[in-house]
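Participant: After the structure tokens below, expect a handful of questions from me.
The values are calculated or read from the model by the stated rules, or taken from the named source; none is laboratory data. Values in this document were obtained by computation on a predicted structure and should not be read as measured data. Glycine gets a Cβ as well: all are built from the backbone with ideal geometry, and neighbour counts include every protein chain shown.
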Amino acid sequence: HLDRIAEVDSTLHAFLHVGHDSALASAALVDEGLAAGTAPASPLAGVPLALKDVFTTTDMPTTAGSKILEGWRPPYDATVTARLRAAGITILGKTTMDEFAMGSSTEYSAYGPTRNPWDTTRVPGGSGGGSAASLAAFEAPLAIGTDTGGSIRQPAAFTGTVGVKPTYGGVSRYGLIAAASSLDQGGPCARTVLDAALLHEVIAGHDPMDSTSIDQPVPAVVEAARRGADGDLSGLRVGVVRELGGEGYQAGVRASYDEALRQLEKLGAQLVEVSCPHFEYGLGAYYLIMPSEVSSNLARFDAMRYGLRVDKGASAEEVMAATREAGFGPEVKRRIILGTYALSSGYYDAYYGQAQKVRTLIARDFAAAFTQADVLVSPATPTTAFPLGDKVDDPLAMYLNDLATIPTNLAGTAALSVPSGLADGLPVGLQVMAPALGEAVMYRVAAAYE
Ligand code: GLN
């Protein structure tokens, strides 16, 4: 995989940092362990992985795609990082992402974008485009992403790979650099559903270091993925969300979706139409709540504690202002301003408070739909991968990428994107959504479909 990275990554730029020596050392350690019978018992021991650069790593820099963290070496490993290491998984390097996970194309990375291996004039999606591209280009067989509004699922759809956003609280956020804490969730990325399930079981599970971590057994997703491979979904009800997949979706994406529904039926699933009337307000609510949390979380980049410091001016405030001016990119600044405005006195009830109410209504839509169906489906994204440069100056067009993925984040439920054929020569993703901690049935359906 290191050879493959050396061969293709100057074109793709899936990696911000390749840990060549540390990867070889870690792999050698597992080899020795296997020979001596002391290697970790995990089925993934010795398998290499690409880690999104938003998880802290003591042996590699961690930038979250931002200049403000350039050169920062974290003093501790994220829980996800530590669990990967404990399973004997070799971390190849840190992958390219939109700055602080804000974006849908990796073009907001402060270190240059990633290109889509299917067509290098196109984006791989974002914010976890580097992780997804590394899988599609065979630079890594496994990767980790984070999904705040779609950043695992949308890149998976754009690159023909599998991406899973676990139930909120299912995977620890300790050492995951926060964007929007009530939405952020780490998850597995892979080329097959079973690979994703194997990785899911390595990283998921309760962590006392994260107060929102769920203290319950991890759903048996490996068993579910294996069961799904028999291709029999009889007895399962698949809810087709009326509000997702119609207007605003590329014709080729709709055609692939229709085909996917027919195939699910062929596998024995019973299709039921469900309505989630508040989903159409999801995007609006998300782009108030998400920036609000960003404006608070990113206050910690104050020029004193981490990374960049621009020593301009006499006071701490002046140094802070100069550092934030130089260190944050335009999209991050846009969200900080938006969030600060939405939270300011006199506007709080009209914007943030209202958005929180919409969030509750969306969670209720899901709860009602899950009484009628075991899983819900939709296209993962409205379009296939778009050309670099197409949307970078049009934030609203960029935000529309997350139309179908955002409701899941707002509700804290689980969802994944599984490859669903091609439209106009580019990959399409089918989204499968499940209730909180309902990952098993979601993996089963995806494995049967894949
Ligand atoms: N594209 C969305 C955003 O820009 C989602 C990001 C994410 O999931 N990290 O906020």
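Participant: Could you tell me whether region 248-259 includes any residue that is of a type in the set (F, W, Y) and closer than 18 Å to G412 by Cα?
Facilitator: No, the conditions are met nowhere in region 248-259.
Participant: When you go through (1) more than 16 Å from the ligand (Cβ to nearest atom); (2) out of contact with any His (no Cβ under 8 Å at 6 or more places or on another chain) one by one for D365, which number turns out not to apply?
Facilitator: (2)
Participant: Could you run through region 281-314 and say how many residues are without any contact (Cβ under 8 Å) to a residue 40 or more places away in the chain and of a type in the set (V, I, T)?
Facilitator: Result for region 281-314: 1.
Participant: Separate question: Please find, among A178, A110, the residue that is within 16 Å of the ligand (Cβ to nearest atom), more than 21 Å from F15 (Cβ to Cβ), touching a residue at least 40 places away in the same chain (Cβ under 8 Å) and surrounded by fewer than 24 Cβ atoms within 10 Å (Cβ to Cβ).
Facilitator: When all the criteria are applied, what remains is A178.
Participant: Which residue out of V253, V241, V272 is among the aliphatic types (A, V, I, L, M), closer than 18 Å to L376 by Cβ and touching a Cys at 6+ places or on another chain (Cβ under 8 Å)?
Facilitator: None of the other options fit; the residue is V241.
Participant: Same structure again: I need the full set of residues from region 32-55 which are crowded, with 24+ Cβ neighbours inside 10 Å and assigned to a loop (DSSP other than H, G, I, E, B), in order please.
Facilitator: D53, V54
Participant: Follow-up question, since we're still on this one. Condition (residue is in contact (Cβ under 8 Å) with a residue 24 or more places away in the chain, within 15 Å of the ligand (Cβ to nearest atom) and either β-branched (V, I, T) or in contact with a Ser or Thr (Cβ under 7 Å, 6 or more places away or on another chain) (or both)) applied to region 381-388: is it met by at least one residue?
Facilitator: Yes, there is a match, as at least one residue in region 381-388 is in contact (Cβ under 8 Å) with a residue 24 or more places away in the chain, within 15 Å of the ligand (Cβ to nearest atom) and either β-branched (V, I, T) or in contact with a Ser or Thr (Cβ under 7 Å, 6 or more places away or on another chain) (or both).
Participant: Does G313 meet the test of being touching a Phe, Trp or Tyr at 6+ places or on another chain (Cβ under 8 Å), modelled with pLDDT under 95 and either more than 30 Å from P419 (Cβ to Cβ) or in a helix (DSSP H, G or I) (or both)?
Facilitator: Here the answer is no, as G313 does not meet what is asked.
Participant: Picking from G163, G186, G252, G235, which residue would you name as being farther than 16 Å from T95 by Cβ and either free of Cβ contacts under 8 Å to residues at least 12 places away in the same chain or surrounded by 17 or more Cβ atoms within 10 Å (Cβ to Cβ) (or both)?
Facilitator: Sole residue among the options that is farther than 16 Å from T95 by Cβ and either free of Cβ contacts under 8 Å to residues at least 12 places away in the same chain or surrounded by 17 or more Cβ atoms within 10 Å (Cβ to Cβ) (or both): G252.
Participant: I need a count of the residues in region 116-128 that are touching a residue at least 60 places away in the same chain (Cβ under 8 Å) and either buried (at least 24 other Cβ atoms within 10 Å of the Cβ) or within 16 Å of the chain's Cα centre (by Cα) (or both).
Facilitator: Going through region 116-128 one residue at a time, the tally reaches 6.
Participant: Please enumerate the residues belonging to region 62-100 that are hydrophobic (A, V, I, L, M, F, W, C), out of contact with any strand residue (DSSP E or B) (no Cβ under 7 Å at 6 or more places or on another chain), in a helix (DSSP H, G or I) and over 19 Å from F301 (Cα atoms).
Facilitator: The answer is A82, A86.
Participant: Is region 408-415 home to any residue that is assigned to a helix (DSSP H, G or I), among the aliphatic types (A, V, I, L, M), more than 17 Å from T159 (Cβ to Cβ) and touching a helix residue (DSSP H, G or I) at 6+ places or on another chain (Cβ under 8 Å)?
Facilitator: yes
Participant: In a helix (DSSP H, G or I) and either hydrophobic (A, V, I, L, M, F, W, C) or within 15 Å of the ligand (Cβ to nearest atom) (or both), is that true of A132?
Facilitator: Judged against the criteria, A132 is a match.
Participant: Then there is this: Looking at region 110-128 only, could you name the residues that are assigned to a loop (DSSP other than H, G, I, E, B) and under 30 Å from L44 (Cα atoms)?
Facilitator: Those that are assigned to a loop (DSSP other than H, G, I, E, B) and under 30 Å from L44 (Cα atoms): P113, T114, R115, P117, W118, V123, P124, G125, G126, S127, G128.
Participant: Could you identify the single residue in R359, R364 that is in a helix (DSSP H, G or I) and crowded, with 22+ Cβ neighbours inside 10 Å?
Facilitator: Going through R359, R364 in turn, just one is in a helix (DSSP H, G or I) and crowded, with 22+ Cβ neighbours inside 10 Å: R359.
Participant: So which pairs qualify, if the first residue must be in region 402-426 and at pLDDT 95 or above and within 16 Å of the ligand (Cβ to nearest atom), the second must be in a strand (DSSP E or B) and among the aliphatic types (A, V, I, L, M), the Cβ gap must be under 6 Å, and the two must be at least 6 apart or on different chains?
Facilitator: Going by the 6 Å Cβ cut-off, the qualifying pairs are T408/A415; T408/M433; A414/A434; A415/M433; L416/V164; L416/V432.
Participant: Among what's in region 318-337 and is β-branched (V, I, T) and farther than 13 Å from K67 by Cβ, pick the residue that is surrounded by the most Cβ atoms within 10 Å (Cβ to Cβ).
Facilitator: I336
Participant: To continue, here is another question. Within region 260-309, can you find the residues that are β-branched (V, I, T) and under 26 Å from the mean Cα position of the chain (by Cα)?
Facilitator: V274, I289, V294
Participant: Of (1) over 17 Å from the mean Cα position of the chain (by Cα); (2) in contact (Cβ under 8 Å) with a residue 12 or more places away in the chain; (3) on the phi < 0 side of the Ramachandran plot, A36 satisfies all except one. Which?
Facilitator: (2)
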